[in-house]
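Just below is one structure, and these are the notes that go with it.
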Amino acid sequence: MSHDKIKAAARQRMAETGEPYAAARRAVAGGHQAAGRRIPPGAGYALRMSSEIHDWLADLRDSDPPAAARVRGALVTLMKEGAGLGDPLVASTAASWPWALAEALDRSYQERLDRLRVLRRGEADATTLSRDIEGQTAELESARAELDDGHRRALDAGQPQEAARTATGLAAVQQQAAEMRRLLPGVLDAGRRLAERGQRLQARTEAFRVRKEVLRASLVAAESSLRIQEAIAASGLAGGDGGGRPDDAGGEVGAAQARLADLTAQMERELGQEPWPEGLMALRPGALSRDDICILFAVEPPGTALLIAVLQGLDVVADRYWEAVLAAADLLRRVRAGQAPEAAAYAYDGERSFLTEFAPGDAGAGGSSP
């Protein structure tokens, strides 16, 4: 579908639903992607999930019946409606992807700082150890001098037993001092090498921090520019009294999208991350009323909703969503490469089989509403 057709369809959806332009455009684009996968909107989905998600559903059924009812209702609705189900219950994670990358950059920076702290602790330990060795060597040298003097006095006084005793002590002290002198160069060298590695890592970490901050600031600017251009396109201001052509706003939206896509690619390269896998979606059983559960899923294979990850708890959803999106993307790529059969350990080809296990009382009634 061309940009002009998507824009026209988005405006029509806005008129019908009252949605903002950005939400209407995402819904139109999502519907087009579903059609491209040859899944007609409204066609139902089978359900697949891992053992971990299956066990989470079973535990939720027993420990929190109200939340379990919301989740079951959302999953049954997903199985019934399939690709026809959209906002606010189901949304693509595509718009979240750049921010997930930005959060991953922050985590990578923190990991670098952690490695730098480990190196610095090692350098400090080496410095402390070298000083301890030097101190012990000085004490041993002082003891050696005293024993050597005592040995000479015993010999001069004709005290062979005392001379033998001091000679034995002198030999032991000399051996210990020699061992300290042998160890000291290695400890000093290790400290120097740790200091050099720390300096190099410090420089790389600082350079990474600068790149990270530039990318994050650019992301904020690119997202803001895109929202502004979408608002202009939705209002038709580009074709108003200012003399602009109606297509100008669409062109600006496209340019803003291109800038955001280029910035996203830069962050992916910085992280060594593959691009967003098409079709990774978020199911929110609370819709707009209670955002305490989020289920990441994908239509994989066609006609099947594969549940990939679950976030539960207001704080968990708020704090771990970006990280979960990246992890789910990695797992989805493995599934598509045939490398994660365990992700589909449990299969439900219809809502009745699903409800028979997780809500036996509702199985005969054909499910519940979300």
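The values are calculated or read from the model by the stated rules, or taken from the named source; none is laboratory data. Quick caveat: nothing in here was measured; it's all calculated off a predicted structure. With ideal geometry, Cβ positions are generated from the backbone for all residues, glycine too; neighbour counts draw on all protein chains shown. For accessibility, only protein heavy atoms count, side chains too; no ligands or nucleic acids. Shrake-Rupley method; radii C 1.70, N 1.55, O 1.52, S 1.80 Å.
A compact table of results
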{"read-out": "Sorted peptide list for 326-335, 67-76, criterion being average Cβ within 10 angstrom, highest first", "value": "67-76, 326-335"}
{"read-out": "Exposure rank, largest accessible area first [Asp114, Asp62; 1.4 Å]", "value": "Asp62, Asp114"}
{"read-out": "Cα gyration tensor, the range 96-225 - rounded (a/c under 1.5), prolate or oblate", "value": "prolate"}
{"read-out": "P(r) weight above 16 Å for the range 148-231, C-alpha pairs, percent", "value": "75"}
